[in-house]
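Worksheet: the structure to be examined is printed underneath.
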Amino acid sequence: MKSREIREAFLRFFEGKDHVRVPSAPVVPQDDPTLYFTNAGMNQFKDVFLGLGRRDYTRAVDTQKVMRVSGKHNDLDEVGYSPWHHTFFEMLGNWSFGDYFKKEAIEWGWELITEHFGLEKERLWATVFVGDDAVEADAEAEAFWYECTDLLPGRVVCLPAKENFWEMGATGPCGPCSEIHYYLGDDLAAQDRRMLVDDTGDLVEIWNLVFIQYNRDETGALQPLPEKHVDTGMGFERICSLLQGAESNYETDVFQPLIGRIAELTGKEYGGEHRVPMQVIADHVRALSFTMADGAMPSNEGRGYVLRRILRRAARYARQLDQHDPVIHQLVGTLGETMGHVFPEIVARQDHIARVIHSEEENFGRTLDRGLDIFARFAAKGQITGGDAFQLYDTYGFPLDLTELMAREQEIPLVEREQFDHALESQRQRARQATRAQFSAAEGVGDALEEGHSLFVGYDEVETDAQVVHAEGGEDSRVWLVLDRTPFYAEAGGQVGDRGWVEGNGFVVEVEDAQKARGGIVHRGRLVEGETGALTGAVVARVDRQARMDAERNHTATHLLHESLRRTLGDHVGQMGSLVAPDRLRFDFSHFAAVEPEQLREIEERVNEQIRADLEVSAFQEELEKAKAMGAQALFGEKYEDQVRVVRIGDFSLELCGGTHVRSTGEIGAFDLLSESGIAAGVRRSEALTGEGAERAARQRRQVLVDLGTRLNAGPEEIADKIEALLGRNRQLERTLDELRRRVAALETSDLSNGAREVEGVTVVARRTEAEDVPNLRAMADGLRESLGSGVGVLGADIGGKVSFIAVVTDDLIKSRGLKAGDIVRGVAQLAGGSGGGKPHLAQAGGRDPGKLDEALEQVAHIVEQQLK
């Protein structure tokens, strides 16, 4: 059977048992911040299992996109080596929500695999939970296997919780499970229950039937669920390998098109030493493509860093196929051809995915080869330390698991792992210290307050009467207030919290920020009149009108900018983050390349066209799914309720948004797109001004032109030509200066060869110079190389308190004696606490310890001698 026939047969079988076919949830969860990736088919039904939600059906069937590379379920180390494990895979599953339970799950499971898929009953085994101190043995499931199927006697094996008690994570729905296993061997008589008990690998799991009865809370205790449920999971790729008679998942029609394309691109044959690299790349491009199609992007944080690790792991395996240029991105089209009929998002975002992968490959490729050289140097010591691993991570972008993988391949131990952890934590502490102010808005705020407070009236009012519900005071007159009702918008969706004043009987609080905390809205500010004890009773809460209006202009402008970006650059553009403050706006969006200047002009002009059109801005409530069906744009990763607020700007823009906005676009006044730049692979950042800010910026630019015109004695239209003439004159002066430096260096070089030494028949010069800068030192080194005729030279200098070395080797010694300037200068620099490298004829290095300069130069002859050996 072909893979698409297997998938369809599974789905139709359960549709025939009154199951509703449901679409796969995104592999990147958008409603569960505790999960980087969907790691099981049950994720999208977690609320049902906990009794917190319901569906219109009690039986469901689907094929779910699943990713397992972090946390409890992490198969990364097995990928490429194991015939069965993957980072990304499809999970075929059927579900019962308080409907059928163990009997039907076992009975139907047996029927499907034996009657419809035709697996030999003589090769099948089942396992059930043996029980422990918290949960009794699953004798019920064991009995059903013998009563409801014709599984051979003695083929049910009881195993402990590690194998037969399923849990999604450290907390959440869970329960005993029963697994179906298939014997892979040729000798049917050799089958034995010890194969399962000892996990010998002779039997492979093909289906897991989970009987969800409990919820594990944060204390680790198990609580019975309101209803009992069934959650089954069959690895699609694994069942394909069995039904297609393949020795591994990679030899099925799921993976072979990808592997064939890899072989075509690399000119290598699948098999032998190329088997694992090709299998890893095929697996990893699937993981990258599906996660990016669902909105994730490579980055240095969270799930983004997981993607970057996977991509760099794949890039390193591509090196083993002699690929030094980007190649992985060329596989995305093949994946779309084979999987697009089931998951159309792969095809819809194919160009975007390929461009992001290509960009990441290029960026990592610049440091990968150098990092591999450094790893080899570390490995020559016989071990890799945690400090070595951190240097590879921090300087060359090697994730720790990539270093660990290479160490395992060379059978080299990685020791003192705590050095890596300590260095990484120190780096993170410095980053947290640098950004601490961003996260202190709720400082001093404790547990949630009882309901009955924080009614937000700020969409319609900027001033209201209210009552103080709770107040706290701190040092330096800092206070935190919670009111029964408030016009203050609390920071959310990129829009900063309002500022203003809260005035009561005998006190005035200047509100600097409003944040969501303690189950409501906390007003954070400074007591400017009165005492902390007076913070009670009736108050007037008044938002700073000007600051609010400025923020509203910027917020509405971000919506116009978002839509203008989409219309100019394409539908792949999506919001990746934003900042809406009174004085500026920042908008991060997904795009694979720098935006061209003419495109920026088009984007800015389109936004200003909508402002001049004075479009009406309105907001309304709608059901989430209906709003999405209307075409409303949503922020990736944002969690939305079933009822959402939709902001419409004429016929131009429609977005889900809870922020405050102007009443019509004309109130924005003007829009000035200041800058556009890249902040991560596939993520761009634009910054802009509106209203008075845009006017001020225009005035400042005009004044700059006036000042330049005065200094250059030129009119506005002549300034560019005048500057170009000055730059040309400056370049000519620099060339003249460089020529003078070379002449001076040539004069100085004649003295450098004094004191030359002979080492194994090679002339070696090592001298300290008084070079003013590195270009001057390089000019001396070039002159020395020419004057030597045949020889090796190393020059060193203390330039501004930093050590610089340059080594040169003449061409005859490179060819006849194998000497390389890069190897020589690297050895010298290490003696001064530095590193470096370069080409065989000329290389440069730096050192951290100027006191070791002379000592390092004294060792040049010895280093050359070692190189000659």
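The values are calculated or read from the model by the stated rules, or taken from the named source; none is laboratory data. Remember, predicted model here, so these are calculated numbers, not experimental data. Every residue, glycine as well, gets a Cβ built from its backbone with ideal geometry; the counts of neighbours run over all protein chains shown. All accessible areas refer to the heavy atoms of the entire protein, side chains included, with ligands and DNA or RNA removed. Shrake-Rupley method; radii C 1.70, N 1.55, O 1.52, S 1.80 Å.
Mind telling me which of the residues 655, 695, 687 ends up being more than 23 Å from residue 461 (Cα to Cα), of a type in the set (Asp, Glu) and within 34 Å of the chain's Cα centre (by Cα)?
Working: 655 fails: more than 23 Å from residue 461 (Cα to Cα); 695 fails: within 34 Å of the chain's Cα centre (by Cα).
Testing whether each residue is more than 23 Å from residue 461 (Cα to Cα), of a type in the set (Asp, Glu) and within 34 Å of the chain's Cα centre (by Cα) leaves just 687.
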message: I need the full set of residues from the range 148-191 which are among the aliphatic types (A, V, I, L, M) and open to solvent by 20 Å² or more (accessible area, probe 1.4 Å), in order please.
response: 152, 161, 170, 184, 188, 189, 190
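In the set 286, 303, which member is touching a Phe, Trp or Tyr at 6+ places or on another chain (Cβ under 8 Å), buried (at least 19 other Cβ atoms within 10 Å of the Cβ) and modelled with pLDDT of 95 or more?
Answer to the selection: 286.
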task: Would you mind telling me which numbered condition in (1) more than 29 Å from residue 621 (Cα to Cα); (2) touching a Ser or Thr at 6+ places or on another chain (Cβ under 6 Å) residue 662 fails?
output: (1)
- request: Determine, yes or no, whether residue 200 is in a helix (DSSP H, G or I), of a type in the set (Val, Ile, Thr) and out of contact with any strand residue (DSSP E or B) (no Cβ under 6 Å at 6 or more places or on another chain).
  value: no
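Would you please name the residue that is farthest from residue 277 (Cα to Cα), looking only at residues in the range 316-330 that are part of a loop (DSSP other than H, G, I, E, B) and charged (D, E, K, R)?
Step one: filter the range 316-330 for residues part of a loop (DSSP other than H, G, I, E, B), giving 320-327.
The next check asks that each one be charged (D, E, K, R); those that pass are 322, 325.
Working: 322: 11, 325: 16 Å.
Selected residue: 325.
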Selected residue (only one of 832, 856 is surrounded by 20 or more Cβ atoms within 10 Å (Cβ to Cβ), farther than 16 Å from residue 764 by Cα and over 37 Å from the mean Cα position of the chain (by Cα)): 832
message: If a residue must be out of contact with any Cys (no Cβ under 7 Å at 6 or more places or on another chain) and assigned to a strand (DSSP E or B), how many such residues does the range 647-692 contain?
response: 25
field: Residue match in the range 813-823 (condition: among the basic types (Lys, Arg), without any contact (Cβ under 8 Å) to a residue 24 or more places away in the chain and surrounded by 20 or more Cβ atoms within 10 Å (Cβ to Cβ))
entry: no
- line: Being at negative phi and modelled with pLDDT under 80 narrows 32, 62 down to just 32
query: Which residue pairs have Cβ atoms closer than 7 Å, lie 6 or more positions apart in sequence or on different chains, and pair a first residue in the range 627-651 that is more than 22 Å from residue 296 (Cβ to Cβ) with a second residue that is at pLDDT 90 or above and open to solvent by 90 Å² or more (accessible area, probe 1.4 Å)?
result: 643/621; 645/621; 650/616
field: Out of 287, 293, 314, 318, sole residue that is small (Gly, Ala, Ser) and without any contact (Cβ under 8 Å) to a residue 40 or more places away in the chain
entry: 314
query: Within the set of pairs 6+ apart or on separate chains, which have a first residue in the range 143-163 that is touching a residue at least 40 places away in the same chain (Cβ under 8 Å), a second that is buried (at least 18 other Cβ atoms within 10 Å of the Cβ) and among the charged types (D, E, K, R), and C-beta atoms under 6 Å apart?
result: 144/102
- request: List the number of the failed condition for residue 433; all other conditions in (1) under 24 Å from residue 307 (Cβ atoms); (2) at pLDDT below 80 hold.
  value: (1)
message: Checking residue 644 against (1) assigned to a strand (DSSP E or B); (2) of a type outside the set (D, E, K, R); (3) closer than 27 Å to residue 597 by Cβ; (4) open to solvent by less than 20 Å² (accessible area, probe 1.4 Å): exactly one of these is not met. Which one?
response: (3)
query: Can you pull out the residues in the range 16-51 that are open to solvent by less than 60 Å² (accessible area, probe 1.4 Å) and more than 23 Å from residue 342 (Cβ to Cβ)?
result: 32, 46, 47, 48, 49, 50, 51
Pair list, Cβ under 7 Å, 6 or more apart: the range 1-12 residue assigned to a helix (DSSP H, G or I), other residue surrounded by fewer than 16 Cβ atoms within 10 Å (Cβ to Cβ) and acidic (Asp, Glu): 3/253
- request: Give the residues of the range 227-238 that are out of contact with any helix residue (DSSP H, G or I) (no Cβ under 6 Å at 6 or more places or on another chain) and either among the small types (Gly, Ala, Ser) or open to solvent by less than 10 Å² (accessible area, probe 1.4 Å) (or both), sorted by residue number.
  value: 232, 234, 235, 236
task: Give me a count of the residues in the range 783-800 that are open to solvent by 30 Å² or more (accessible area, probe 1.4 Å) and closer than 17 Å to residue 855 by Cβ.
output: 1
